[in-house]
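See below for the structure under consideration.
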Amino acid sequence: MSSRGLFITVEGIDGCGKSTQASLIACALEAAGHDVLRLREPGGVKISEKIRAVLLDPANGEMGDVCELLLYEAARAQLVHEVIRPALAAGKTVVCDRFYDSTTAYQAFADGLDRDMVARANELAVDGCRPDLTLVFDVSVEEASRRRSDRAAEDRLELKGLEFQHRVAAGFRAVAADEPGRVKLIDAGGPIAEVFSGVVAELRTAGMAVSEDDAAAALATLSAYQGKC
Ligand code: TMP
């Protein structure tokens, strides 16, 4: 009988560098022999990507907080149902860029929705499908904003401003403090390779056998991430 695969999520404020690190994690775990599925939230499957487009569209500025919460949960429920749960049951390692801790940080801590309501909505969407390990990439709001300035245009969430990002960052730190066994804070202020060495240390602590060669292979393919990993 095959055992359930590992479920890893990466989190942090916009511009923290988590997507690059998610690609590195996926590459390193593949090099270490895992069958890896790399996903993102909101999105990852057709229906959820359509919901993502509605959520991020700057033209939808009138969206209310509860509508927004339910759209994230709807996208998540579909992704869990269609891909994550079956993949884990098949023994795959799933690396997901954001998951329900983002909802806690953004919709509860930053938007001010009731935490218990958000927790219940999260549970409704995932129905017991929880990450084994969550890495929160902790970087100053100012540095993240500087990194984001390279991007072409800001989406609806990024347009909410720096005060909003400060509340999100505080939310992620609170999530890490609440569940220290599952959620690890990674100092993401340094260069990519330095941040990744902190990541590899956490993967090893969590029991994943990632060798120096696996980590180096991931870094070596850095320039090909978008297409290959
Ligand atoms: P991304 O830029 O990491 O792809 O995430 C898209 C945006 O969606 C980002 O600003 C964070 C936001 N978000 C929430 O507000 N709540 C959620 O539950 C998720 C998954 C994302």
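The values are calculated or read from the model by the stated rules, or taken from the named source; none is laboratory data. Remember, it's a predicted structure, so these values are computed and weren't measured experimentally. So basically every Cβ, Gly included, is an ideal-geometry build from the backbone, and we count neighbours across all protein chains shown. Only protein heavy atoms, including side chains, enter the accessible area calculation; ligands, DNA and RNA are left aside. Shrake-Rupley method; radii C 1.70, N 1.55, O 1.52, S 1.80 Å.
Data table
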item	result
Percent carbon-and-sulfur accessible area, the chain, ignoring ligands, DNA and RNA, probe 1.4 Å	54 percent
Anisotropy class of region 68-139 from Cα gyration tensor, a/c 1.5 cut	oblate
Area of D65 that stays accessible when all protein chains are in place (1.4 Å probe, Å², to 10)	60 Å²
Region 33-122: relative contact order as a whole-number percent, Cα under 8 Å and 6+ apart	38 percent
Whichever lysines have a C-alpha closer than 22 Å to that of K18, once near sequence neighbours (fewer than 8 apart) are set aside	K92, K160, K184, K228
Choice from R151, R38, R76 with maximal GNM fluctuation in the chain (Cα, 10 Å cutoff)	R151
Heavy atoms of K92 accessible to a 1.4 Å probe, total area in Å² rounded to 10	70 Å²
Gyration tensor (alpha-carbon) shape descriptor, region 1-93, a/c threshold 1.5	oblate
Solvent exposure ordering (accessible area, 1.4 Å, most first) of H81, H166, H34	H81, H166, H34
Probe 1.4 Å, all protein chains present, accessible-area order of K160, K50, largest first	K50, K160
Probe 1.4 Å - accessible area at E82, Å² to nearest ten	90 Å²
Rounded to the nearest 20 debye, dipole of region 1-107 from Cβ charges on Lys, Arg, Asp, Glu	440 debye
Dipole magnitude (debye, nearest 20) for the chain, charges at Cβ of Lys, Arg, Asp, Glu	460 debye
